[in-house]
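Novice: Can you read through this structure? Questions will come right after.
The values are calculated or read from the model by the stated rules, or taken from the named source; none is laboratory data. The shown structure was predicted, so the numbers you read here are calculated from the model rather than taken from an experiment. Cβ: placed from backbone, ideal geometry, glycine included. Neighbour counts: every protein chain shown.
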Amino acid sequence: MSARLHPWPPGPWRILGRGVRRGPAKVLAVASSGGHWVELLRLQRAFEGHDVAYATVSAGCRVDVPTARFHVLPDVTRWEPRAIPGCLRSVVSVLAAERPDVVVSTGALPGLLALTAARALGIRTLWLDSLANAERLSGSGQAARFVADLWLTQWPDLARPSGPQHLGAVL
């Protein structure tokens with residue numbers, strides 16, 4: 001899959017910065033499968049020069065990032081609230097193993113859980129709501145306002161002074 005970005009200003013990616021360890025930042029990129037995963041992969045160019053690990057809910061997605069560290073999380077939706085604690089435990093295990101400087105997600109609930117746990121651990125977080133959400137933010141995207149250091153939408157009509165910001169779109 002080729003990564004192609006709409007020209008984003010360099011500013012939002014400053015959150016990746018350089019890690020405290022002097023060198024590339026450690027990034028954990030998290031998304032559900034399907035469109036969320038595709039959009040996350042389209043951000044790969046923004047991750048160049050950084051140490052990136054991926055987490056998603058489908059082991060089959062490993063083929064898209066064959067040389068990267070890769071983690072599989074339990075799939076969970078808001079319709080399965082009993083599965084949330086298990087997914088959260090897995091997210092915390094991945095965070096402990098990876099020790100990222102920043103967690104980036106394009107959604108959905110597993111990504112939100114990753115940002116929530118990361119924020120609680122003092123890790124920087126970035127949420128990019130899905131391009132599919134053209135008329136309103138996703139449920140996870142709305143909740144991300146509370147845990148994302150950088151909270152973004154891909155639609156200018158959804159941007160508000162209080163957030164989310166619109167800085168471009170992943171094509």
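Novice: Checking the conditions here, which among ALA68, ALA132 is of a type in the set (A, V, I, L, M, F, W, C) and without any contact (Cβ under 8 Å) to a residue 60 or more places away in the chain? Talk me through it step by step, then tell me what you get.
Specialist: On the way: ALA132 fails: without any contact (Cβ under 8 Å) to a residue 60 or more places away in the chain.
Of ALA68, ALA132, the one residue that is of a type in the set (A, V, I, L, M, F, W, C) and without any contact (Cβ under 8 Å) to a residue 60 or more places away in the chain is ALA68.
Novice: Are any residues in the stretch 119-156 in a loop (DSSP other than H, G, I, E, B), of a type outside the set (Gly, Ala, Ser) and surrounded by 15 or more Cβ atoms within 10 Å (Cβ to Cβ), and if so, which ones?
Specialist: Our first condition is that a residue be in a loop (DSSP other than H, G, I, E, B); within the stretch 119-156, this holds for 121-123, 129-138, 147-149, 154-155.
Imposing the further condition that a residue be of a type outside the set (Gly, Ala, Ser) reduces the set to 121, 123, 129, 131, 133, 135-137, 147, 149, 154-155.
Answer for the stretch 119-156, where residues must be in a loop (DSSP other than H, G, I, E, B), of a type outside the set (Gly, Ala, Ser) and surrounded by 15 or more Cβ atoms within 10 Å (Cβ to Cβ): ILE123, ASP129, LEU131, ASN133, LEU137, VAL147, ASP149, GLN154, TRP155.
Novice: While we're here: Tell me yes or no: at least one residue of the stretch 8-16 is surrounded by fewer than 17 Cβ atoms within 10 Å (Cβ to Cβ), in a loop (DSSP other than H, G, I, E, B), at pLDDT below 90 and at positive phi.
Specialist: Within the stretch 8-16, none of the residues are surrounded by fewer than 17 Cβ atoms within 10 Å (Cβ to Cβ), in a loop (DSSP other than H, G, I, E, B), at pLDDT below 90 and at positive phi.
Novice: A follow-up question, please. Any residue at all in the stretch 88-105 that's surrounded by fewer than 20 Cβ atoms within 10 Å (Cβ to Cβ) and over 19 Å from LYS26 (Cα atoms)?
Specialist: The answer is yes, given that some residue of the stretch 88-105 is surrounded by fewer than 20 Cβ atoms within 10 Å (Cβ to Cβ) and over 19 Å from LYS26 (Cα atoms).
Novice: Does the stretch 126-136 hold any residues that are farther than 12 Å from GLN165 by Cβ and not charged (D, E, K, R), and which are they?
Specialist: Restricting attention to the stretch 126-136, the residues satisfying the condition of being farther than 12 Å from GLN165 by Cβ are 130-136.
Answer for the stretch 126-136, where residues must be farther than 12 Å from GLN165 by Cβ and not charged (D, E, K, R): SER130, LEU131, ALA132, ASN133, ALA134.
Novice: When the residues of the stretch 59-83 are filtered to those that are in a loop (DSSP other than H, G, I, E, B) and surrounded by 14 or more Cβ atoms within 10 Å (Cβ to Cβ), which remaining residue is nearest to the chain's Cα centre (by Cα)?
Specialist: Taking the stretch 59-83 first, the residues in a loop (DSSP other than H, G, I, E, B) are 65-68, 73-80.
Pick out the ones that are also surrounded by 14 or more Cβ atoms within 10 Å (Cβ to Cβ) and you get 65, 68, 73-77.
On the way: VAL65: 15, ALA68: 16, LEU73: 14, PRO74: 16, ASP75: 15, VAL76: 16, THR77: 16 Å.
Going through the qualifying residues, I end up with LEU73.
Novice: Still on this structure, please answer the following. Which of the residues that make up the stretch 114-142 are hydrophobic (A, V, I, L, M, F, W, C) and over 18 Å from ALA29 (Cα atoms)? Give the steps one after another, and end with the answer.
Specialist: Taking the stretch 114-142 as the starting set, the residues that turn out to be hydrophobic (A, V, I, L, M, F, W, C) are 114-115, 117-118, 120-121, 123, 126-128, 131-132, 134, 137.
If the condition is that a residue be hydrophobic (A, V, I, L, M, F, W, C) and over 18 Å from ALA29 (Cα atoms), then ALA132, ALA134, LEU137 are the ones that fit.
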